[in-house]
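We did not get these values from a lab; they are worked out from the coordinates using the rules stated. Bear in mind that the values here come from a model prediction, so they are computed numbers and not experimental data.
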Amino acid sequence: MPAKWKFSKEIDNITQALRHENVALSASKLSSLKETRENLIAFQRGLANDYGLIADGRDMGTVVFPDAATKIFLIADIEVRAERRFLELQNAGQGVNMRDLIEDIRLRDEADRAREISPLVPAADSVEVNSSNLTPQEVLNKVLQIYKEHIKEI
C-alpha cells in the first residue's frame, strides 16, 4: 500500500481515498476476477438484514440481490457522467483530462458489459432511471417514488 494510503487512528473518513480515479480503475479490474466476486457477494449478502439495504453497484440487482423488492438501474449519458466525475476529481484536487476521462469511462463500461462474471446488465425487473438531466435531489425523489410504488405492490 502506498505511504499516502496508510491509515492511522486520526483518519476516520477514507472517502476521498476511495474516490480516487486509480481506485476506480483497480476496482473494475479486480471485480472481474472470480475469486473477488465470490468473496464479495457473500460479504454483501451478509450486510442485508431485516431492515433492508440500499446497495450501489453494477451487479447488485442481477447477481448480489436478485430477489430485491426494488431495483433501480441508474444511467446517464457518458458525457454527463464524465463531467460529474471531472468535477468530483477536480474538487478533490486531482488533475484530470476530460477526453481521457470520457475514454476511461467508455472502456470501463465496455469491459464491464463484456465480462463473463457479473456483467453490467440491468435486471429484467429493474426500473431504469436516466439521470442525465436530473439534479441529485430529483434523482432521489424519483428513486423514492419508485420505491414507494413497489412497497404498495408487496
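Computed values, structure above
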| quantity | calculated |
| --- | --- |
| Principal-axis tilt of helix 78-91 within the chain, Cα atoms, nearest 10 degrees | 50 |
| For N130, residues with placed amide H under 5 Å, excluding near neighbours | I75 |
| Distribution of pairwise C-alpha distances over segment 40-87, 5 Å bins, in % | 4, 18, 26, 17, 12, 13, 10, 1 |
| Extension gain from E153 to N39, taking 0.36 nm per residue of separation minus the Cα-Cα distance | 37.7 nm |
| Angle between the chain longest axis and helix 34-47 axis [Cα atoms, degrees, rounded to 10] | 60 |
| Karplus (6.51, -1.76, 1.60) ³J(HN,Hα), θ = phi - 60°, over segment 93-108, in Hz, Gly and Pro reported as x | x, 9, x, 8, 9, 4, 4, 5, 5, 4, 5, 4, 5, 4, 5, 5 |
| CD proxy at 222 nm, helix term only [per DSSP H run n ≥ 4: -39500 (n - 2.57); per residue of the chain; nearest 500] | -16000 deg cm²/dmol |
| nm² value of the averaged projected area, convex hull over the Cα atoms of segment 41-154 | 8.6 |
| Relative contact order [Cα under 8 Å, 6+ residues apart], the chain, whole percent | 28 |
